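What follows is calculated from the coordinates using simple rules that are stated; it is not laboratory data. Please read these numbers as outputs of a predicted model, since none were measured by experiment. Here Cβ is always computed from backbone atoms with ideal geometry, including for glycine, and neighbour counts include all displayed protein chains.
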Amino acid sequence: LDAVVDIAAVLGLPPAEVQDTLTFYQFFHQDKPHGKVRAFVCRSISCALRGGDELLERLCHANGIPPYGTTPDGELTIEPAECLGACDFAPCILANDDLLKNMTPEAAEAELKKPRARAT
């Protein structure tokens, strides 16, 4: 909560507006730490029709974690996302700042093992 108050003061906004923004967007986490890699698996209609839900399920199963879970080593957090804005490349994953396009479960598992800049 201190950070919300500090941000509000810098921006000249009421803390409630900052809190509203913080809780609206799924990319902001305030309740728990996340892995070095945050993988958002798109599940919007285009991605869902091309296997996005199965991709999310397979990645979670392969890493032994539920959706929104983090691996015990703290390397990877897998989260569903509503839309990544890349419908022509469905199914896709946003891994930190990298958009992974036309993913299969096998390709996604390999991509998520590659080193990436740390998630913020």
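See the values below:
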| quantity | calculated |
| --- | --- |
| Label-to-label distance, nm, for residues given as Thr71 and Leu13 (7 Å Cα→Cβ offset) | 3.5 nm |
| Structure-derived Cα extents along the principal axes in Å: which label, when the choices are [x] 38, 32, 23; [y] 46, 32, 23; [z] 67, 33, 26 | [y] |
| Estimated distance in nm for a label pair at Lys114 and Glu82, the labels positioned 7 Å out from Cα along Cα-to-Cβ | 2.9 nm |
| 10 Å Cβ shell holding at most 15 others, DSSP loop, GluC sites (Glu not before Pro): longest site-free stretch of the chain | 1-74 |
| Computed E for Ala107/Lys32 - FRET, C-beta separation, R0 25 angstrom, nearest 0.05 | 0.30 |
| Nitroxide proxy distance, nm - points 7 Å out along Cα→Cβ at Val5 and His61 | 4.8 nm |
| All lysines inside 16 Å of Lys36 as judged from Cα atoms, apart from same-chain residues fewer than 8 positions distant | Lys113, Lys114 |
| Relative contact order, percent, segment 37-112 [alpha-carbon distance under 8 Å, six or more residues apart] | 39 percent |
| Using alpha carbons only: equivalent-ellipsoid semi-axes of segment 56-120, gyration tensor based, whole Å | 18, 13, 12 |
